[in-house]
Amino acid sequence: MKKTCVILLIVCLGTTGLLARDPGYYGVSAGASAVVPLSGLADLYKPAPSLKIGAGFFLENGWYMEGQVDLCRLDRSNLTGYAKDHVTVSLEYGGIMFTGHKPLIRSNSWNIQFIAGMGPFYWKGIRGEIAQNDSLGIPYIPQRTLEEWNMAFQAGAGVEYFMTPSLALELSSVYRLLVGSLWPTMQEHILIEQVNGFQMAHVNLKLRYYF
């Protein structure tokens, strides 16, 4: 009798865990990311945190579709040489990333999933003014600000672990490309290369509640 009860309990728990991920269920999420600049962007900025909140729903084909508000500010300079101490730079962006999550390997309590997405983002890049330095022959250079709306694209993978039938913890990593360009400052002693396309890696940790 005890053995039968244990088996039934395991089956019920497993079934309940699967119900939370069946088509027709909705979800809300909140979390944070470590944003790691890549390629030319890494020459300007050090990693920074990002906040995310989202809401989504399941499709009949097994995909979970989510709209996610994403905000970040990169303002820790990674410049070198004279520019390191005399030039301030920042890049901030915000927008909505529409993502699709497709389970590749799935069990009662966790799954490994493929993640892809795209969405519109507003970004603003600022290179601060540069003071005149007669001894180095550097003229005064005024502040330069660039801002636009552009599209961002991302792809990656993650693991989602169900702590309860309705509450899941997601750990994922994605490569993101945000369309945009930052102008160079090629004055002698201040060599800041132009950046075309903001490449970055997002390492995400999120809680998602299904209902």
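The values are calculated or read from the model by the stated rules, or taken from the named source; none is laboratory data. All of these numbers come straight from a predicted model, not from anything done at the bench. Ligands, DNA and RNA are stripped out before the accessible areas are found, and what is left, the full protein with its side chains, is counted by its heavy atoms. Shrake-Rupley method; radii C 1.70, N 1.55, O 1.52, S 1.80 Å.
The coefficient of translational diffusion for the stretch 169-211, derived via Stokes-Einstein from the alpha carbon Kirkwood radius under 37 °C and 0.692 mPa s, stands at 246 µm²/s.
For Lys84, the aspartates and glutamates whose Cα falls under 16 Å of its own Cα, not counting residues fewer than eight places away in the same chain, are Asp43, Asp75, Glu129, Glu188, Glu193. Structural descriptor for the chain: relative contact order 21 percent, calculated from alpha carbon pairs under 8 angstrom and at least 6 residues apart. Which shape class, rounded, prolate or oblate, goes with the stretch 122-211 when its Cα gyration tensor gives a ≥ b ≥ c as root eigenvalues, a/c under 1.5 marks rounded, and past that a/b bigger than b/c marks prolate? Prolate. Computed with a 1.4 Å probe over protein heavy atoms only, the accessible surface of the chain comes to 54 Å² per residue.
Test of understanding: what is the full-extension gain from Leu167 to Ser39, defined as 0.36 nm times their sequence separation minus their Cα-Cα distance?
On the way: separation 128, 0.36 × 128 = 46.08 nm, distance 3.62 nm.
My answer for the length gained is 42.5 nm.
Extension gain, Val159 to Ile105: 0.36 nm times the residue separation minus the Cα-Cα distance gives 18.5 nm.
Please pull out the direction-averaged projected area of the stretch 45-125, using the convex hull of its alpha-carbon atoms, in nm² to one decimal place. Don't skip to the answer; put the middle values down first.
Numbers: hull surface 29.0 nm².
About 7.3 nm², averaged over all directions.
Here the Kirkwood formula puts the hydrodynamic radius of the stretch 106-172 at 16.5 Å, using every distinct Cα pair.
Within the same chain, aspartates and glutamates fewer than 8 places from Lys102 are excluded, and of the rest, those with a Cα less than 17 Å from its Cα are Asp22, Glu60, Glu66, Glu160, Glu170.
Residues in the stretch 174-191 carry Karplus couplings, in order, of 9, 9, 10, 10, 9, 5, x, 9, 10, 6, x, 10, 9, 4, 3, 6, 10, 9 Hz; the curve used is 6.51 cos²θ - 1.76 cosθ + 1.60 with θ = phi - 60°, and Gly or Pro positions show x. Taken along its principal axes, the alpha carbon cloud of the chain reaches lengths of 91, 30, 21 Å, longest axis first.
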